[in-house]
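So the structure is just underneath, and the comments pick up after that.
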Amino acid sequence: MLEGFEALGEGIRLVMRPGLRRYVIIPVIIILVVYSLTLYGLVKVFTHWLDEWIALIPHWLDWLGWILIPLITLTLIVIAFFTFTLMVNLLASPFYGFLVERVEHELGMEGANDQRSLGRQAWDGFVRELHKLGYILPRMLILFLLGWVPVVHLITPFLWLVFSFWSVALEYLDYTMDVHDVSFKKMLKLLRKLPIKTLGFGFAVSVLLWIPIVNLIVMPAAVAAGVIMWRDSYSKINRQLGDQSRVHALASSDHKPSGE
């Protein structure tokens, strides 16, 4: 788990370098606008909704409010955090692919030699964000529905936390994997191969995302940290999976009838 914090600390130092600051400034402007609108909408809608919900509880069950209000509040905060993060990344994603390439250059890594044009990279990054939404949103819906199931609702806030760590890690590791032509399906395999590292990285990023001011640079810094995590861990697993695929392909071809 400490590896995630170390990578994130190095990522913050990297994005503060002169040649990389431009990739922080534009996303920060986007974050400020979305953050302001999200907070305003959350406070307004949540306050009204909670008052109506509490009014439905009979007086003899008033004591339930002390249990349900914190659980509901925590669940909605996590949902708002998810929505905010997803929306910001959806808007800022075109810049993050370029950031990955610059970070790899700064670290002296062998680049992915991405031949796509700038416009194509930006569009592919946007489409990739939609794929992530397609993975995350149905699971969010399931967790939300579980929150209304008696007894089960008591543990759903903790399930939300674990899922949030996983999704945050997926979000910020994805940019490097996309540049290295790792499909979304294959990326999920890589993350499952190293679940503790994945959740630890997601936890480290999530903790800093909750700190005001600091969270303004955490998102691009997390992208840079994802490059470090790729270099130190996930690229090795990716090569192993590639070697296994080639071995299976050769084995399959060797077992084909000679007439084919």
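Only the coordinates and a few stated rules stand behind these numbers; no lab work does. Because the structure is predicted, anything quoted here is derived from the model rather than measured. We place every Cβ from the backbone using ideal geometry, glycine too, and count neighbours over all the protein chains shown.
Listed highest first by mean packing, meaning other Cβ atoms within 10 Å per residue, what order do 203-214, 137-148, 94-105 come in?
94-105, 203-214, 137-148
Need the full-extension length gain, Asp51 to Val152, defined as separation in residues times 0.36 nm minus the C-alpha distance. One decimal, nm.
Difference between extended and current length: 34.0 nm.
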